[in-house]
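**Student:** Structure in structure tokens, see below.
The values are calculated or read from the model by the stated rules, or taken from the named source; none is laboratory data. On a predicted model such as this, the values are computed, not experimentally measured, just so you know. Here Cβ is always computed from backbone atoms with ideal geometry, including for glycine, and neighbour counts include all displayed protein chains.
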Amino acid sequence: MEHQPVLFTPFKIGGLTLVNRITMTPAYLGYANSDGTVSDLLLTHYGTMARSGAALIVVENTGINSSALGSPFMLRADDDRYMEGLTELAKVIHAEGALAFIQLNHAGRYAFMPERVAPSAVPIGNVVPKEMTMQDIDETILSFTKAAVRVQRAGFDGVELHGGTGYLLAQFVSPRTNKRTDSYGGDLEKRARFPLEVVDAVIAKVAKDFPVGYRFLASECLPDGLILDEAIPFAEDLAKRGISYLSVMVGTHESFSLEPYFSMDKTEGFMAGYAEIVKRVLPETPVITAGRIQSPEVAEAILQTEKADLIGLARVLFADPLWPKKAQGLIKDPIIHCNPSCSLCMKRIMARKPAVCSQWDKSFREAFLKKIGESSDN
Ligand SMILES: Cc1cc2nc3c(=O)[nH]c(=O)nc-3n(C[C@H](O)[C@H](O)[C@H](O)COP(=O)(O)O)c2cc1C
């Protein structure tokens with residue numbers, strides 16, 4: 001029997017209808033201003049991403065307080081002075097017909113400044129973060145809720161809590177970064193307590209129909225890190241709390257450049273197997289999968305085989321913002337693929353420069369570099 005294509009069929013998250021199954025998963029590109037406000041560069045970028053035809057744009061990780069910042073160019077949502085820019089950002093995305101979510105994050109031990117807080121004093125490089133006190137924990141939960149309420153007021157359609165990439169929420173769940181002996185550390189139930197309290201507090205404070213999604217770390221891909229067997233019961237707890245979707249990912253900043261992640265990352269749809277396991281356990285919870293989904297055929301196969309409900313594109317959409325329109329046949333040109341052996345976007349943001357893509361055409365790249373006052377992308 002011939003199956004009907006799914007990629008361009010609608011899907012519901014809570015009361016919201018996504019016009020197709022394509023989402024942009026968050027991608028920090030270093031485009032915000034150094035004070036955490038929205039820049040013109042960022043507005044232009046998200047306008048382009050929203051114009052792509054993706055149903056839902058999830059804006060990059062955004063800081064919930066001053067100790068949450070993973071980079072000096074991270075967007076912020078911890079004060080009303082960020083409201084004007086955030087409101088403009090949601091408007092720009094809506095004007096192109098996409099839904100706008102935004103990801104909230106605390107970088108914990110991955111913060112960029114030397115004074116860092118974390119579940120435990122587990123060193124990162126030569127920095128030893130401060131173990132969070134009960135007061136720090138309570139204040140951080142409050143910061144997450146205040147930021148969530150603020151982005152809702154700014155006009156976003158939903159919020160995503162960043163439980164991936166080894167940031168603070170994941171640091172609590174991980175046995176390698178959470179060595180606490182109080183009620184927030186120990187067995188999985190205790191390690192999961194802090195992120196679940198954040199989820200409960202955010203859901204309690206935002207409007208009933210305001211979706212709260214979760215970037216979900218299925219495995220740290222490190223020998224002593226969080227493994228799938230422990231992540232799954234945590235996913236079940238998140239679903240019980242009323243999370244609106246799980247955006248499944250693997251790996252942290254400590255595993256991205258190591259095996260097995262490094263090789264896996266070059267393969268199309270490399271995280272779909274993890275999403276599938278989550279989907280099998282939680283058939284009622286919407287699941288997003290990302291990970292070098294370069295071709296509409298692979299995207300369609302993931303949906304047909306019910307590994308996930310939604311396809312996430314990050315670098316893939318950055319390399320070719322016409323991907324959804326080309327996939328739908330509205331534009332006949334071939335899709336321009338993100339090059340698996342290139343990491344220019346990553347290299348640039350690590351060097352604290354705005355990301356560019358090696359696949360952009362020459363004139364576009366030159367115009368972009370000129371705009372940011374550079375003559376070459378090295
Ligand atoms: C430059 C860059 C920045 C990223 N920033 C974020 C982020 O802010 N939040 C997040 O959850 N994931 C982030 N990701 C991960 C992506 O959302 C995505 O899961 C991953 O890149 C795989 O999808 P892709 O192959 O389409 O890029 C980032 C990835 C890259 C390469």
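**Student:** Can you find, within the range 349-367, the residue that is farthest from the ligand (Cβ to nearest atom) among those that are part of a helix (DSSP H, G or I) and more than 23 Å from residue 263 (Cβ to Cβ)? Don't jump to the end; show me each part of the working.
**Tutor:** From the range 349-367, those part of a helix (DSSP H, G or I) are 349-350, 362-367; that's our starting set.
Pick out the ones that are also more than 23 Å from residue 263 (Cβ to Cβ) and you get 362-367.
Working: 362: 21, 363: 23, 364: 18, 365: 16, 366: 21, 367: 21 Å.
Filtering the range 349-367 for residues that are part of a helix (DSSP H, G or I) and more than 23 Å from residue 263 (Cβ to Cβ), the one farthest from the ligand (Cβ to nearest atom) comes out as 363.
**Student:** Please determine whether any residue of the range 84-93 is within 12 Å of the ligand (Cβ to nearest atom) and outside any strand (DSSP E or B).
**Tutor:** First pass over the range 84-93, keeping only residues within 12 Å of the ligand (Cβ to nearest atom): none.
No, there is no match, as no residue in the range 84-93 is within 12 Å of the ligand (Cβ to nearest atom) and outside any strand (DSSP E or B).
**Student:** Let me ask another. Go through the range 146-172 and give me each residue that's within 27 Å of residue 207 (Cα to Cα) and β-branched (Val, Ile, Thr).
**Tutor:** 149, 151, 159
**Student:** Out of the range 72-128, which residues are closer than 23 Å to residue 167 by Cβ and charged (D, E, K, R)?
**Tutor:** 76, 78, 79, 109, 115, 116
**Student:** Still on this structure: Within the range 302-325, can you find the residues that are outside any strand (DSSP E or B), closer than 18 Å to residue 57 by Cα and of a type outside the set (Asp, Glu)? Walk me through it before giving the result.
**Tutor:** Restricting attention to the range 302-325, the residues satisfying the condition of being outside any strand (DSSP E or B) are 302-309, 314-325.
Filter again for closer than 18 Å to residue 57 by Cα, leaving 308-309, 314-325.
Across the range 302-325, the qualifying residues are 308, 314, 315, 316, 317, 318, 319, 321, 322, 323, 324, 325.
**Student:** Output the qualifying pairs, or none if there are none: Cβ atoms under 7 angstrom, residues six or more apart or on different chains, first residue in the range 245-257 and crowded, with 17+ Cβ neighbours inside 10 Å, second residue part of a strand (DSSP E or B) and among the acidic types (Asp, Glu).
**Tutor:** 247/160
**Student:** Scan the range 124-138 and give yes if some residue there is of a type in the set (Gly, Ala, Ser), within 16 Å of the ligand (Cβ to nearest atom) and either assigned to a loop (DSSP other than H, G, I, E, B) or at pLDDT 95 or above (or both), otherwise no.
**Tutor:** Step one: filter the range 124-138 for residues of a type in the set (Gly, Ala, Ser), giving 125.
Remaining after also requiring within 16 Å of the ligand (Cβ to nearest atom): none.
No, the range 124-138 has no match at all.
**Student:** Just for the range 1-18: of the residues that are free of Cβ contacts under 8 Å to residues at least 60 places away in the same chain and in a loop (DSSP other than H, G, I, E, B), which one is farthest from the ligand (Cβ to nearest atom)?
**Tutor:** 1
**Student:** Find all pairs meeting these conditions: Cβ atoms under 9 angstrom apart; at least six residues apart or on different chains; first residue within the range 127-151 and over 16 Å from residue 179 (Cα atoms); second residue among the basic types (Lys, Arg) and not in a helix (DSSP H, G or I).
**Tutor:** Note: pairs meeting the criteria are 127/116; 136/130; 147/76.
**Student:** Kindly indicate which of 305, 267 is away from the ligand (no atom under 13 Å from the Cβ) and either under 20 Å from the mean Cα position of the chain (by Cα) or assigned by TED's automatic domain parsing to the domain that holds residue 224 (or both).
**Tutor:** Values: 267 fails: away from the ligand (no atom under 13 Å from the Cβ).
From the options 305, 267, the qualifying one is 305.
**Student:** Is it the case that some residue within the range 32-46 is within 22 Å of residue 141 (Cβ to Cβ) and more than 13 Å from the ligand (Cβ to nearest atom)? Quick ask: steps written out before the conclusion?
**Tutor:** Going residue by residue through the range 32-46, those that are within 22 Å of residue 141 (Cβ to Cβ) are 36.
After this cut, where a residue has to be more than 13 Å from the ligand (Cβ to nearest atom) as well, the list is 36.
So far as the range 32-46 goes, yes, one or more of its residues are within 22 Å of residue 141 (Cβ to Cβ) and more than 13 Å from the ligand (Cβ to nearest atom).
**Student:** Could you check residue 110 against (1) closer than 30 Å to residue 207 by Cα; (2) within 21 Å of the chain's Cα centre (by Cα) and say which number it fails?
**Tutor:** Result: residue 110 passes all but (1).
**Student:** Would you say residue 274 is in contact with a Ser or Thr (Cβ under 8 Å, 6 or more places away or on another chain), more than 20 Å from residue 195 (Cβ to Cβ), within 13 Å of the ligand (Cβ to nearest atom) and of a type in the set (Phe, Trp, Tyr)?
**Tutor:** Details: in contact with a Ser or Thr (Cβ under 8 Å, 6 or more places away or on another chain): yes; more than 20 Å from residue 195 (Cβ to Cβ): no; within 13 Å of the ligand (Cβ to nearest atom): yes; of a type in the set (Phe, Trp, Tyr): yes.
Answer is no for this residue.
**Student:** Restricting to the range 48-61, name every residue that is more than 19 Å from residue 78 (Cα to Cα) and either of a type in the set (D, E, K, R) or surrounded by 17 or more Cβ atoms within 10 Å (Cβ to Cβ) (or both).
**Tutor:** Restricting attention to the range 48-61, the residues satisfying the condition of being more than 19 Å from residue 78 (Cα to Cα) are 48-57.
Answer for the range 48-61, where residues must be more than 19 Å from residue 78 (Cα to Cα) and either of a type in the set (D, E, K, R) or surrounded by 17 or more Cβ atoms within 10 Å (Cβ to Cβ) (or both): 49, 50, 51, 52, 53, 54, 55, 56, 57.
**Student:** Among (1) farther than 21 Å from residue 285 by Cβ; (2) not in a loop (DSSP other than H, G, I, E, B), there is one condition residue 221 misses while meeting the rest; what is its number?
**Tutor:** (2)
**Student:** Related question: Does the range 98-108 include one or more residues that are in contact (Cβ under 8 Å) with a residue 40 or more places away in the chain, more than 21 Å from residue 212 (Cα to Cα), β-branched (Val, Ile, Thr) and in the same structural domain as residue 167 (by TED's automatic domain parsing)?
**Tutor:** no
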